[in-house]
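Beneath this line is the structure, given in structure tokens, with notes to follow.
No lab work stands behind these numbers, since they all come straight from the coordinates. None of these values were measured; they are calculated from a predicted model. Positions of Cβ are generated from backbone atoms using ideal geometry, with glycine treated the same way; all protein chains shown enter the neighbour counts.
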Amino acid sequence: DAGVIQSPRHEVTEMGQEVTLRCKPISGHNSLFWYRQTMMRGLELLIYFNNNVPIDDSGMPEDRFSAKMPNASFSTLKIQPSEPRDSAVYFCASSLVTTGVGTQYFGPGTRLLVL
Amino acid sequence: DQQVKQNSPSLSVQEGRISILNCDYTNSMFDYFLWYKKYPAEGPTFLISISSIKDKNEDGRFTVFLNKSAKHLSLHIVPSQPGDSAVYFCAAKVAGYAGKSTFGDGTTLTVKP
């Protein structure tokens, strides 16, 4: 398996522009997580899905952020409009949730810079 | 309220010595604890875990100890190698919640040759 795939790997945009980050989870996994990593706030959970349904979006910073999971093999995180403070590394992770440890498998991340 | 805390932002050890990374938690409902390792420009990768019903789990050079009464866990790396230099995240999860884990802020380990 190729692991969790994220695109783009790097994104540079100007303030006010729309940004869309994409994620393909590991085939067969039933949970998907979006994280943001910054120096100030560490690794923050933004939202997670189970069986394509959003379970908890309490970590989404504000209405400018939205996430979708239209099917089991694809998810997007959209920021509209983007602001400089959104600059961070965004990680997607997936997991096969059973009754066990629920290890998460992370993608390589998207490094976002908003100018 | 930060439920998982790693109070040491960084740790430096000599190659061949033991590295001990610490983690404290507040939620007694956590049933699994995990350690992830992260290299620059990569996503975190799973390293080792421990169930709340155990007090020790060992995998090669890596051992995790859990002290439930103190709500404390630690990761021991023996012997430490330069390739172990990375950021280590402690994470904890409660049964259910679709596999959601709560992460600490991470500890940067540097192993000097």
Regarding the protein assembly as shown, what's the average projected area of the Cα-atom convex hull, expressed in nm²? 12.4
Principal axis dimensions, largest first and in whole angstrom, of segment A:62-115 by Cα: 42, 21, 18
Fewest first, what order do A:W34, B:W35 take by the number of other Cβ atoms within 10 Å? B:W35, A:W34
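Shape of chain B from its Cα gyration tensor (a ≥ b ≥ c, root eigenvalues): rounded if a/c is under 1.5, otherwise prolate when a/b > b/c, or oblate?
prolate
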Could you give the distance between the Cα centres of segment A:34-103 and segment B:28-69, to the whole Å? 22
Counting other C-beta atoms within 10 Å, which of B:I48, B:I77, B:I18 has the fewest, and how do the rest follow? B:I18, B:I48, B:I77
What ranking of A:F49, B:F62 emerges when the number of other C-beta atoms within 10 Å of each C-beta is taken as an exposure proxy, fewest first? B:F62, A:F49
Three-way shape label, segment B:72-111, alpha-carbon gyration tensor, a/c 1.5: prolate
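Here is the link list: A:K68/B:K71; B:K37/B:K93; A:K24/B:K37; B:K37/B:K100; A:K24/B:K68. Which ones come out longer than 25 Å on Cα distance? Before the final figure, lay out each step's value.
Values: A:K68/B:K71 36 Å; B:K37/B:K93 17 Å; A:K24/B:K37 22 Å; B:K37/B:K100 18 Å; A:K24/B:K68 37 Å.
Listed pairs above 25 Å: A:K68/B:K71; A:K24/B:K68.
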Given +1 on the Cβ of Lys and Arg, -1 on the Cβ of Asp and Glu, and no further charges, what dipole in debye does chain B carry about its Cα centre, rounded to the nearest 20? 80
I'd like the Karplus ³J(HN,Hα) series for segment B:74-82: coefficients 6.51, -1.76, 1.60, θ = phi - 60°, whole numbers in Hz, and an x wherever there's a Gly or Pro. 9, 10, 10, 10, 9, x, 6, 10, x
Whole-angstrom Cα spans of chain A along principal axes, big to small: 42, 28, 27
In sequence order, calculated HN-Hα J values of segment B:3-11 (Karplus, 6.51, -1.76, 1.60; Hz; x Gly/Pro): 7, 10, 10, 10, 6, 9, x, 8, 8
Counting only residues 5 or more places away or on other chains, whose amide H sits under 5 Å from the amide H of B:G106 once H atoms are built in the peptide plane? B:Q6, B:C90
Chain A: longest stretch without exposed trypsin sites (Lys or Arg not before Pro) (DSSP loop, at most 15 other Cβ within 10 Å), sites themselves excluded? A:65-115
Write down the Å³ per residue value for the convex hull defined by the alpha carbon atoms of segment B:43-94. 92
Farthest toward positive dipole pole in the protein assembly as shown [+1 Lys/Arg, -1 Asp/Glu at C-beta], among A:P8, B:G99, B:V87: B:V87
Percent relative contact order of chain B, based on C-alpha pairs within less than 8 angstrom and at least six residues apart? 36
